[in-house]
Structure formats: structure tokens, C-alpha cells
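Each remark here refers to the structure printed beneath this line.
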Amino acid sequence: MTKPRQAAGNEPVPIQRSAGPDSPIVYRYGIEHKIKGGREIEEGIEIAKMLENAGVEALHVDAGCYDNWYWPHPPIYQSPGCMVDMAAKIKPHVRVPVITEGRKDYGGQKAFVIGGGSVGCETALYLAQKGWSVVVAEMLSSAASDLFEANRTMLLALLKEDGVEVWTETKVTRGHLCKVYVEAHEGQREFQTDVIILATGRKAVTDLTELSKDLVDEAVTIGDCNSPRRIKNAIWEAYKIGIII
């Protein structure tokens, strides 16, 4: 076995003395570089042993180096948990905890969407297709009611197909930590959730409109500064105003 090139043996000792006994030392390093001539897993294991013997209380391991940043900073193209297997190779050789990373997989979590318009429903569908368990609460009697009927029919069918629970005529009364309380036809209910998403509508921003009236003789508004809607509404309003002026 080649002696590890990382001179890590005594580094934690002065750190511990400075920080005090109540401050645990967690040491992060790359257990393998994944480039030709770089550190390999065997050397990474020996470094782990050295660090434990030097007093490190937990190891935070990753892979790669500055020559291949897509390992220490994994982008979406890496598989979820792409470095868990490397940490598993280290753990049998040390007694301290081994922490790792490698692009978190959000599948399996629960989301509660407050607001069942087009934005809330499309967000719910996206999360459900990523593996989330999703509930949508809408105060009106129907969900996605702001969509053209053909679009709405298909979206609701997709939500059902992907297991999204859509609760209409349902009012959220309060939320606490990872729990949401609602008032529905069936009475009061509560839902466990990891994430709460607000999709409760939009309001027009009119500050600039009011200011412009003091600067010019005539100020004309179109689109979302009147009320948030579709791009076709802004185009149609612009067309009509263009004809007049």
C-alpha cells in the first residue's frame, strides 16, 4: 500500500485544542479524485483511518476535484445519491459517522398545494410525476377552472392518473410545522406534509400606473397591471387601444 499523499495525520489536534472539547470536528475530503493519477479509493480509506486516529469525530466524504467539478458539485445529470456507494466503502473501516452527499432525490416526499387553479394543479402534476405524494386544496367547487375546457379536462385526468388528491370546496384554516388543517364537506381534516406550496392567486401591481398619471396627460394600461390574466388578454387590449389612439 502506497503511503497516502494527504498529510492529514495531526491536523485535527490543534483545531480541537483551539475550539474546545465541546466542539466536534467534522473533516471533509474527497475519497477518490476520479481522474488519472489522482487519489483512488484505497488511499481514501487509509486517510479515513488516519483522520479517525487523529481525533476526528465524523467524516464528510465526497469525490472529484477541481479538474472535474461535476463530482464535488453534482449537477442534475448525476444520479440521486451518486456518492452514497463511496461512503459505504469507507464506513466498514472506521467507527465514526460517515456523512456524504450527491444530489438529493426528492421522490417520496409529501406536498400540500394551497390553491387549485391552473398554476397549483400544474405544479401538483409536476411533483407527482417526480414521485411526490401531492394534495391540492381549492376553495371553489372545481379545480383548474381558469383553463380552457379541453386543457382542464386533460389536466384533471393526468392528476387523477398520477394519484394527486384534489379537494374542492375546501378551505385551509391553519398550518403547523409539517401539518395542514382544512375545513371540507366531510368536516375538519388534517394532512401531514413536507412542503406547503402557495398558489392562491395573483394581484395586479398598480403603483406605476398611478405614478404615470401625474407625469403625462393620458396613461393607458393593458395586461396584468389591470388584472393578472393570459397573454392573449394583453394583446387584445393593446390592439383595441392602438386603434383608438
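For this structure, a couple of remarks:
- For GluC sites (Glu not before Pro), the sites in the range 154-245 that DSSP calls loop and that have at most 15 other Cβ atoms within 10 Å are 169, 186, 218.
- Under the Karplus curve 6.51 cos²θ - 1.76 cosθ + 1.60, θ = phi - 60°, whole-Hz ³J(HN,Hα) for the range 59-73, x wherever Gly or Pro sits: 10, 10, 10, 9, 9, x, 7, 5, 7, 8, 4, 6, 9, x, 10
- With Cα atoms, 0 to 90° folded angle of helix 118-129 axis to the chain main axis: 30 degrees
- Residue (of 208, 184, 226) at the positive-pole extreme of the chain, dipole from beta-carbon charges: 184
- Helical runs assigned H by DSSP (4 residues or longer) give the chain a calculated mean residue ellipticity at 222 nm of -9000 deg cm²/dmol, each run adding -39500 (n - 2.57) before division by the residue total.
- The alpha-carbon atoms of the range 110-198, seen along their principal axes, cover 36, 27, 19 angstrom, with the largest extent given first.
- Fraction of beta bridges assigned by DSSP in the chain that are antiparallel (%, nearest 5): 35 percent
- Backbone phi angles across the range 22-37, fed through the Karplus curve with coefficients 6.51, -1.76 and 1.60 (θ = phi - 60°), yield HN-Hα couplings of 8, 10, x, 9, 10, 10, 9, 7, x, 6, 8, 8, 6, 9, 4, x Hz in residue order; Gly and Pro are listed as x.
- Cα-centre dipole for the chain with unit charges at Cβ (Lys and Arg positive, Asp and Glu negative), debye to 20: 520 debye
- To the nearest ten degrees, helix 41-53 and the longest principal axis of the Cα atoms of the chain are 80 degrees apart.
- Residues in the range 130-141 carry Karplus couplings, in order, of 8, x, 6, 9, 10, 10, 10, 10, 10, 6, 6, 7 Hz; the curve used is 6.51 cos²θ - 1.76 cosθ + 1.60 with θ = phi - 60°, and Gly or Pro positions show x.
- The trypsin sites (Lys or Arg not before Pro) of the range 188-229 that DSSP puts in a loop, and whose beta carbon has at most 16 other beta carbons within 10 Å, are 202, 203, 213, 229.
- With Cα atoms as the point set, the chain shows a radius of gyration and Dmax of 28.0, 85 Å.
Quick note: the coordinates plus some simple rules give every number you see, no bench work behind them. Small disclaimer: the values here were computed from a predicted structure and weren't measured. All Cβ positions, even for glycine, are placed from backbone atoms using ideal geometry, and neighbour counts span all protein chains on display.
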